[in-house]
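Notes for the one structure printed next.
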Amino acid sequence: METQAFAEKGLRSALSTHTRPPRSSPLSASLIFWWRAMLKIKHIPEQMFDVTASPIMFLLMFTYLFGGALAGSTGEYLQFVLPGILVMTVAFITIYTGLGINSDIKKGIFDRFRSLPIWQPAFLVGALLGDTVRYTIASVVVVVLGLIMGFRPDGGAVGVLLSVLLLLVFSFSLSWVWIALGLVMRTPESLMAVSMIILFPLTFVSNVFVSPETMPVWLEALVDVNPITYLVTAIRGLMFDTTVAKEIGWVLLTCALLVTVFSPLTMYLYRKKR
Amino acid sequence: MKRHSALAIESHELVKHFGKVRAVDGINLAVPTGGVYGFLGPNGAGKTTTIRMLATLLRPDSGTARVFGHEIVREANAVRSRVSLTGQFASVDEDLTGTENLVLLARLLGYSRSQARARAIELLEAFDLVDAARRQVKTYSGGMRRRIDIAASIIVTPDLLFLDEPTSELDPYSRNQVWDIVRTLVTEGTTVLLTTQHLEEADQLADRIAVIDHGRIVAEGTSGELKASVGSGTLHIRLRNPDHRPQAEQLLTLNLGVPVFLKSDPAELSAHISEPERVTDLLSELSRSDIPVISFSFGQPSLDEVFLTLTGHHATADENKGAV
C-alpha cells in the first residue's frame, strides 16, 4: 500500500531520535520569537503600511495644512510639530502589538507555544522586540522625511538618536498596556476601538500640535499631567539641545510604572488565559 | 497521592466549568503507558477540554491529574517536557512556510540553528512534505496541514501525544496516512491519547476507549469489552424472498423473545441477542418452514450500537448539535 510505504520510509527513523536538547534560555527563546516577527514582516509586507504610510501622511498633512495658520510659516511649524508627530505615530503603532497578540490567541499556534517547555514570557517579549523594529522604521521615516522637508534639529545626530531611543523605551512600555488589553478583549475590533478611545485624547490633549498656553486653564492643567506632553517636551529638548533632564526623568518614571504594573498583570492574564 | 509509574495519565474527579456549563464533570482516568487511548464522544462532550487540562493549557476548577507522575498544575513545566499537543485547529503559524514553522519550534525546544534545520528537513521528508516545504502553510491542503501539525508535535518525540480529532474533515487517503503515523508513533514507544467522534477510528486505533458524554465517562474498556457490555451480539439475516419477511419476523420473535428490527432492505432483519445458543435452533426452524436464507451473520455489536445503548443517543455530530 502506498500509505504504508510512506509511513515506513522515513518516519521510523525520524521518530527514533528521543534525545531532548537542553532547554532554551529565556533570552534565546525571546530572540526566536523576535525572528518569528521578522518572518511575518517578510511574508506579509503589507502590514508595514501603517509604519510607513501613516507617518508620511501625518507629517505632510499637519505641516502643510496647519503650519501657516498655527506658526506663521510651514517651515517654522515643522520644527515644532515633527517631534510631536514622531511621538504620535509611534504611539499609535503600539496598538498593533496588542492586535497581533489578540489574533495569535485565536489560533491554535497560541496553544502550541503555551504547551512548550520554555520561559513563557518569551512569546510576549519576542513580539515586543519585533514591534520595536517597526517603531524604529516609523521613526526613521518621520525623521528622514522631515529632513527632506527642511527639519533642522540643533541637537544634531546625537540628539535625534537619543530622542528616538527615549521614544522606543516609552513605546515598549506602553505596548504592555495593549498586550494586557489584547489578552482580555474578545475581538481585534473591540481592542482597536478601546485603544483608540484611550490614544486619541492621550495624543491630542497634549503639546503635540500646539503650545498649551493657548488653551483654557483646565485643559492646560490636563495637558500638563499627560505623560505624552513630557515625552514630547523631552524629545523637543533633545532634538534642539535644550535642558530637559526633568522631563526625561518623568518619562522614564512613567515607563517604569507602566512596566511594573502591566507586565506582571499581562503575565497573569497570559497564564490564566482559558 | 500514590504514584503509579506504569500510568501515563491518572486523574481524579477533574472538573471544568465554562460559565454555568459543566464542560467536564468529574473525569477519572487511568491511562496505561504505551498504545493508543481513545476518547470517544460527540461534539461538546468535554473531550477537548479534558485534554487541554491534561496538556497544562487549562487549569481544572477542581480535581487532580498526574501525567507520568507529575501534577499538571504544580509541575506544569515537567509535564510540558514530556507531552505534546496537536489541537483540533491548525497549531502552526499559517503565515510561515512549513520549514520555518518546524525550525521555529525546534529552536524554541533548544536545538541549535543547524540541528533545527536538519530536524526540520528530516521531518518534512518523513511526512512527505518536501515539495511544500517552502510554501506558506495557509496554502496547504487539509491532509498536508494535519501532517505538518503532527510533525510540529514530534520535533522532540514526546512520551505522550495528545491528538484532538486528528482526522476530522480529512479524505480517506489522508486519514489513512494519519492512522499510519499514529501506529508508527506507538511502535516507537509514544503513548497516544486521541479524541474522535468516529467509532470506526476508535475501533481501528485505540487499545482502550473511554466513552465520554456530557463531561463524564459513561464507559471504559477495550472495544471488545465495550461491545460485550452491551450484549452478546447482533444477528443479521437476509432472505432470498422479501415476501417471507413477515413470516420470518414472527419466527424470530417467537424463538428469541427479543424485538426484531426490519432493515430498510425489504429482505433483511436483525435482532440483538443475549443468548447466542438459541441461534442454531433458529436456523433449523427457518429451514423447516421453507424460508430460504441468503446470508446469516452473528457478530459483535458495532461501537455505534454501543454508544446508543450507553448514552441513549447516536454518536454522530449532527444528532447532538442541539445538545451541546
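Got a sec? Which of B:ALA228, B:ALA219, B:ALA152 is among the aliphatic types (A, V, I, L, M), farther than 19 Å from B:ALA55 by Cα and buried (at least 17 other Cβ atoms within 10 Å of the Cβ)?
B:ALA219
Quick one: how many residues across segment B:177-231 are part of a strand (DSSP E or B), within 14 Å of chain A (Cβ to nearest Cβ) and charged (D, E, K, R)?
Here the count works out to 0.
Are there any strands (runs of 3 or more DSSP E) wholly within segment B:22-139 with 2 or more residues that are within 11 Å of chain A (Cβ to nearest Cβ), and if so which?
B:83-86
From the list B:VAL36, B:VAL15, which one is closer than 18 Å to B:THR196 by Cα and either open to solvent by less than 50 Å² (accessible area, probe 1.4 Å) or assigned by TED's automatic domain parsing to the domain that holds B:TRP179 (or both)?
B:VAL36
Is segment B:154-175 home to any residue that is touching a Pro at 6+ places or on another chain (Cβ under 7 Å) and more than 14 Å from chain A (Cβ to nearest Cβ)?
Our first condition is that a residue be touching a Pro at 6+ places or on another chain (Cβ under 7 Å); within segment B:154-175, this holds for none.
Within segment B:154-175 (the criterion being touching a Pro at 6+ places or on another chain (Cβ under 7 Å) and more than 14 Å from chain A (Cβ to nearest Cβ)), the answer is no, since none of the residues qualifies.
Tell me, which residue of segment B:39-91 that is at pLDDT 90 or above and among the aromatic types (Phe, Trp, Tyr) is surrounded by the fewest Cβ atoms within 10 Å (Cβ to Cβ)?
B:PHE68
Please pick out the residue among B:GLY63, B:GLY46, B:GLY38 that is farther than 27 Å from B:GLY189 by Cβ and in contact with a Leu (Cβ under 7 Å, 6 or more places away or on another chain).
B:GLY63
Counting only residues that are hydroxyl-bearing (Ser, Thr, Tyr) and within 25 Å of B:ALA6 (Cβ to Cβ), how many does segment B:43-79 have?
3
Can you tell me which residue among A:LEU199, A:LEU165 is part of a helix (DSSP H, G or I), away from chain B (no Cβ under 14 Å) and crowded, with 17+ Cβ neighbours inside 10 Å?
It is A:LEU199.
Testing B:LEU254 on (1) at pLDDT below 85; (2) not in a helix (DSSP H, G or I), one condition comes back false. Which one is that?
Among (1) at pLDDT below 85; (2) not in a helix (DSSP H, G or I), the lone unmet condition for B:LEU254 is (2).
Where in segment A:16-118 are the helices (runs of 4 or more DSSP H), entirely inside, with at least 1 residues that are open to solvent by 70 Å² or more (accessible area, probe 1.4 Å), at pLDDT below 85 and within 14 Å of chain B (Cβ to nearest Cβ)?
Those helices (runs of 4 or more DSSP H) span A:95-106.
Could you say whether any residue in segment A:128-137 is within 14 Å of another protein chain (Cβ to nearest Cβ), in a helix (DSSP H, G or I) and modelled with pLDDT of 90 or more?
Among the residues of segment A:128-137, at least one is within 14 Å of another protein chain (Cβ to nearest Cβ), in a helix (DSSP H, G or I) and modelled with pLDDT of 90 or more, which makes the answer yes.
Consider B:LEU123 carefully, then state whether it is out of contact with any Phe, Trp or Tyr (no Cβ under 6 Å at 6 or more places or on another chain), free of Cβ contacts under 8 Å to residues at least 60 places away in the same chain, of a type outside the set (Ser, Thr, Tyr) and in the same structural domain as B:GLY87 (by TED's automatic domain parsing).
Spelling it out, B:LEU123 is indeed out of contact with any Phe, Trp or Tyr (no Cβ under 6 Å at 6 or more places or on another chain), free of Cβ contacts under 8 Å to residues at least 60 places away in the same chain, of a type outside the set (Ser, Thr, Tyr) and in the same structural domain as B:GLY87 (by TED's automatic domain parsing).
The values are calculated or read from the model by the stated rules, or taken from the named source; none is laboratory data. Just so it is clear, the model here is predicted, and its values are computed rather than measured. Virtual Cβ from ideal backbone geometry, glycine too; neighbours counted across all protein chains shown. Accessible surface is based on the protein model in full, side chains and every heavy atom, while ligands, DNA and RNA are left aside. Shrake-Rupley method; radii C 1.70, N 1.55, O 1.52, S 1.80 Å.
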